[in-house]
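The values are calculated or read from the model by the stated rules, or taken from the named source; none is laboratory data. Keep in mind that what you see is a predicted model, and the values were worked out from it rather than measured. Note that each Cβ is placed from the backbone with ideal geometry, even for glycine, and that neighbours are counted across all protein chains shown. When the accessible area is computed, the model is the full protein with side chains, heavy atoms only, and any ligands, DNA or RNA have been set aside. Shrake-Rupley method; radii C 1.70, N 1.55, O 1.52, S 1.80 Å.
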Amino acid sequence: MAVVVAGEGSLSQGTELTGNSPNTILDMAKSPNGRKIVLMVGIAAVIAVMIGVVLWGQKPEYRVLFSNFSDRDGGAIMTSLQAANVPYKFAEGGGAILVPADKVHEIRLKLAAEGLPKGGSVGFELMENQKLGVSQFLEQVNFQRALEGELSRSIQSVGAVQAARVHLALPKASVFVRDQQKPTASVLLNLHAGRFLDQQQVSAIVHLVASSVPELSPKNVTIVDQAGNLLSDNNKPASNNTLDPSQLKYVQELQQSITKRIESIITPIVGLNNVRAEATADVDFSTSEQAAEIYKPNQVPNSATVRSMQSSESSNGGANATGVPGALTNQPAPAATAPLNTTPPPAAPGTAAAAAGTPGAAAAGAAANTTPTQRDTTTNYEVDKTVRYVQQPMGGLKRLSVAVVVNYKRVVGKDGKVSILPLSEIEKTQITDLVKEAMGYNKDRGDTLNVVNSPFAGIDKEEAAKPPLWERPEVIDMGIQGAKYVLLGIVLLILYLKVLKPMLNKLNPPPPLALTDESGEPIDKVQELETEVGPMGVQQNSYQQNLEAAKELARKDPKVVANIVKAWVGNE
């Protein structure tokens, strides 16, 4: 009776362990200490479940670390991640390695410091681990492998190239000129899906390989893609009659630029989506050089410039021979016998000598000694000359054609109705003038412009209604995340209120009920409790106290008393 009256708390205090330990979990659960152990284990399990739910709610988002790697690189990357205790998983059938999103960049930098991924090819690091006793042939093979790997890595840096393999054929050097062979190279490219290489990029790869190998000519480099297409056709003669991709791209960009300028200047006038423009540019990509040398006659008479003048005069220089030829004529002249100072006789009046005022003897001598004289004069004049050298650059605009369509204008009446009306002639003229200025219209070049005002089909239809807020992808994602956290909170609250809190209450029961006397005052305040000491020295309540406690328990919680009586009856 003392055990029942004291309640569950006094039951655990008054129970004696007589030495026989329970052998099963059921027997352990029947004892007070066993129930405490079971409650503690249950509490620990519930807390573990709650922690698991929280961790599941905070599950990190995984992103791609590396993809399209070789098997060797994949194994090395996995080993490094395991050594660093970084969680990872596979995706896309093992073609990609995923790691937590907040660690992607950090892990990439760490793996790059370790040289991962290597790209499936080896470079000059192969020469770092040379063994002793390696033959010259093996050294040459390793050097060729390293050179091929480095070239493959360089080619893979091109944006459109996904993977590349390079094969070099390096002949042995020979001292005989006639036995010397030139090296050759073959390149296999694996391009990304939907990408291609233009001729300039192929030529760049060819010259990259040729410049990396001594005595390798670009003509001896062959490039093939993964589909077996020959990209470098070295036997094809160079032709300038066709447009390369860069020229076509230039024409397209020029036309798009003209169209954009026209629409941007007309849109503020007619409104958005009410104007369409297209331009066709005729671009001359040919280069021409012209040299002309033109001679023109003198435009102004007697205005020529003397470039050079040459004059010459000739005479016989002696008197005519007189007398009979003979021996005397071949002899020198005799000495003069006449006096040196002789006054010539006066000239006869009326003669030329007298008129000239010269002595008559001198005049007579001059007349007797007259000799023939010849004069030649040559004068060179400058002639007009024009030298013209003209070089026309490539990409000149030959002709430009532009077509513009403008929608009818919409006018709102006084009654609120919208009417569609064509543009007036003044408005069309203003738009035409603006388009000419925007396109750079040149009549002498042969440019054409056509502006048409016409209603657009379907432009007045109502725009498609935007999806409601709850159907937008970003809102759906936010809702899913919010529902996830709300569900997590509800699960944790249910576990705490329905499982964890009752277990904690059972583990720490409330204190026993206070005993009161007939006046309602607590017994501990009216008189001291009388206790009895049992045979084992355990302090026990008196019979009166136990009786009062049983009455109080039956009055406040009759179900507990009924269960106790039922247990007594069942245990006889």
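Looking for something modelled with pLDDT of 85 or more, open to solvent by 90 Å² or more (accessible area, probe 1.4 Å), in a helix (DSSP H, G or I) and of a type outside the set (Val, Ile, Thr) - is there at least one such residue anywhere in region 127-138? No, the conditions are met nowhere in region 127-138. Looking at region 57-68, can you tell me whether even one residue there is modelled with pLDDT under 75 and part of a helix (DSSP H, G or I)? Checked against the condition, which is being modelled with pLDDT under 75 and part of a helix (DSSP H, G or I), region 57-68 yields at least one hit.
Looking across region 439-453, the residues that are over 17 Å from ALA281 (Cβ atoms) and surrounded by 12 or more Cβ atoms within 10 Å (Cβ to Cβ) come down to VAL451, ASN453.
Has region 180-201 got at least one residue that is over 23 Å from ASN68 (Cβ atoms), at pLDDT below 90 and aromatic (Phe, Trp, Tyr)? Among the residues of region 180-201, not one is over 23 Å from ASN68 (Cβ atoms), at pLDDT below 90 and aromatic (Phe, Trp, Tyr), which makes the answer no. Among the residues making up region 69-117, those that are among the hydroxyl-bearing types (Ser, Thr, Tyr) and part of a loop (DSSP other than H, G, I, E, B) are SER70, TYR88.
Inclusion of VAL213 among residues that are hydrophobic (A, V, I, L, M, F, W, C) and more than 22 Å from ASP233 (Cα to Cα) is not warranted.
Contact map, region 68-86: residues that are closer than 17 Å to LYS103 by Cα paired with residues that are part of a loop (DSSP other than H, G, I, E, B) and open to solvent by less than 90 Å² (accessible area, probe 1.4 Å), Cβ distance under 6 Å, separation 6+ or inter-chain. Pairs shown: ILE77/LEU116; LEU81/TYR88.
If the condition is being of a type outside the set (A, V, I, L, M), touching a residue at least 40 places away in the same chain (Cβ under 8 Å) and touching a strand residue (DSSP E or B) at 6+ places or on another chain (Cβ under 6 Å), then region 129-164 contributes only GLN162. A count restricted to region 372-386 and to residues that are open to solvent by 80 Å² or more (accessible area, probe 1.4 Å) and either within 8 Å of GLU313 (Cβ to Cβ) or at pLDDT 80 or above (or both) stands at 4. Within the set LEU272, LEU216, LEU243, the sole residue that is in a loop (DSSP other than H, G, I, E, B), of a type in the set (A, V, I, L, M, F, W, C) and at pLDDT 90 or above turns out to be LEU216. Test LYS436 against the stated conditions and say whether it is of a type in the set (Lys, Arg) and part of a helix (DSSP H, G or I). It is true that LYS436 is of a type in the set (Lys, Arg) and part of a helix (DSSP H, G or I). Only residues that are farther than 19 Å from PRO218 by Cβ, among the small types (Gly, Ala, Ser) and not in a loop (DSSP other than H, G, I, E, B) were counted in region 156-198, giving 1.
So, in region 425-438, how many residues would count as being open to solvent by less than 50 Å² (accessible area, probe 1.4 Å) and not hydrophobic (A, V, I, L, M, F, W, C)? So the answer is 1. Conditions: (1) modelled with pLDDT of 70 or more; (2) surrounded by 11 or more Cβ atoms within 10 Å (Cβ to Cβ). ALA366 meets all but one. Number of the miss? It fails just one condition, (1).
For region 166-179, the criterion of being surrounded by 12 or more Cβ atoms within 10 Å (Cβ to Cβ) and either within 30 Å of THR287 (Cα to Cα) or basic (Lys, Arg) (or both) is met by none of the residues. Candidates in region 69-111 are the residues that are acidic (Asp, Glu) and under 23 Å from ARG153 (Cβ atoms); of these, the one that is modelled with the lowest pLDDT is ASP71.
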